[in-house]
Amino acid sequence: MKIKHYLYNAFIIENDKVKIAIDPDRIYICSGLVVSSRSQNGAL
Amino acid sequence: MFRLGSLIPKSEWSTITHILVTHGDPDHEWNIDRVAEASRAPVICGKDLVKRVGSETLVVAPRSRGIQYDTPLEKVYPIDVGEVVNFREFQVKGLKAVHGPIKLKLFGLIKLEIKPDPDERIGLGAIGFEIKIDNKVIVNLGDSLLQREWESLNPDLLMIPIGGRKVHNTMDEEEALEAVKMMSPKMIIPCHYDCGALLSRKLNQADADMFKREVEKMGLECIIMKYGDEILV
């Protein structure tokens, strides 16, 4: 089973034919800070 | 300068088979109708997020400020604490979750506190999920404060918020550690901390490394996941 995380409480749980999304949400921030925030968390 | 974006990439939306929503705050519910439309997946959420009007099931408008039940969804399973929904491949049970108040300082001066309430959007429909899938139990607690009712859960994997130190809208690190002690999960993923929002790079600040060290002292596994990380369990 695969677990993916996208900050906040956003997760995907993937197993066989099932792909569960938890809290498909939005982010609303200054675009310059998106890069900072996500790079701080190691991605994008 | 400002932009809206989806945390779960849009490239994933059409292949989602089920959507779980822990409450109605924008950082949790914003895209449910869009993901549901793209995927035709059913939505499982707390009862207070949903109203039945005639033959339609309406959820709280994801992108409106107040509480307006005006967004139709094709397939919705509203659940309460203790209620179970069985799908062919997995089972979902509602768990008690209580969203904390939101305390904000605007421009460093004006203090604003919004307490969860039936007429208030913050924390509306708060519910946690116990997911039984592939002979494993996964627990997601949403943005909850510590609840004694979780004591007997003992999940294989616990997704737990730790970023409530300043705002106390969720558990902080210490409260989350208390919850971990109560539940003795095999594996823990801390979440809802150091989130970028508005002009802040790190809303809901937390010391995830300290949390991980303390969890490991209990002999349990803690995994810190960055944006887009994936693990196999």
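For the stretch B:193-233, residues that are at pLDDT below 95 and either assigned to a helix (DSSP H, G or I) or farther than 18 Å from B:R165 by Cβ (or both) total 6. The residues in the stretch B:60-78 that are part of a loop (DSSP other than H, G, I, E, B) and either out of contact with any strand residue (DSSP E or B) (no Cβ under 9 Å at 6 or more places or on another chain) or over 19 Å from A:N9 (Cβ atoms) (or both) can be counted, and the count is 9. Scanning the stretch B:10-38 for residues that are open to solvent by 20 Å² or more (accessible area, probe 1.4 Å), under 25 Å from B:I133 (Cα atoms) and in contact (Cβ under 8 Å) with a residue 40 or more places away in the chain yields a single hit, B:D33. Summed over the stretch B:11-59, the residues that are part of a strand (DSSP E or B), within 16 Å of A:R26 (Cα to Cα) and of a type in the set (V, I, T) give a count of 2. Pick out the one residue from B:D134, B:D172, B:D119, B:D143 that is under 30 Å from B:V60 (Cβ atoms) and over 18 Å from the mean Cα position of the chain (by Cα). That would be B:D119, the only listed residue that is under 30 Å from B:V60 (Cβ atoms) and over 18 Å from the mean Cα position of the chain (by Cα).
Of the residues B:G228, B:G164, B:G128, B:G123, the single one that is of a type outside the set (A, V, I, L, M, F, W, C), surrounded by 19 or more Cβ atoms within 10 Å (Cβ to Cβ), within 13 Å of chain A (Cβ to nearest Cβ) and within 21 Å of A:N15 (Cβ to Cβ) is B:G128.
Taking the numbered list (1) closer than 26 Å to B:V167 by Cα; (2) without any contact (Cβ under 8 Å) to a residue 24 or more places away in the chain in turn, B:P101 passes all entries but (2). Scanning the stretch B:141-153 for residues that are of a type in the set (K, R) and buried (at least 24 other Cβ atoms within 10 Å of the Cβ) yields no hits at all.
Residue by residue, here is whether (1) under 21 Å from B:G94 (Cβ atoms); (2) open to solvent by 10 Å² or more (accessible area, probe 1.4 Å); (3) more than 14 Å from every other protein chain (Cβ to nearest Cβ); (4) modelled with pLDDT under 95 holds:
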{"site": "B:P155", "(1), (2), (3), (4)": "yes, no, no, no"}
{"site": "B:I160", "(1), (2), (3), (4)": "yes, no, no, no"}
{"site": "B:D172", "(1), (2), (3), (4)": "no, yes, yes, no"}
{"site": "B:E178", "(1), (2), (3), (4)": "no, yes, yes, no"}
{"site": "B:M182", "(1), (2), (3), (4)": "yes, yes, yes, no"}
{"site": "B:C191", "(1), (2), (3), (4)": "yes, no, no, no"}
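Restricting attention to the stretch B:79-103, the residues that are surrounded by fewer than 18 Cβ atoms within 10 Å (Cβ to Cβ) and not in a loop (DSSP other than H, G, I, E, B) total 5.
The values are calculated or read from the model by the stated rules, or taken from the named source; none is laboratory data. This is a predicted model, so every value here is computed, not measured. Here the Cβ is made from the backbone with ideal geometry for all residues, glycine too, and neighbour counts use every protein chain on show. With ligands, DNA and RNA removed, areas are computed over all heavy atoms of the protein, side chains included. Shrake-Rupley method; radii C 1.70, N 1.55, O 1.52, S 1.80 Å.
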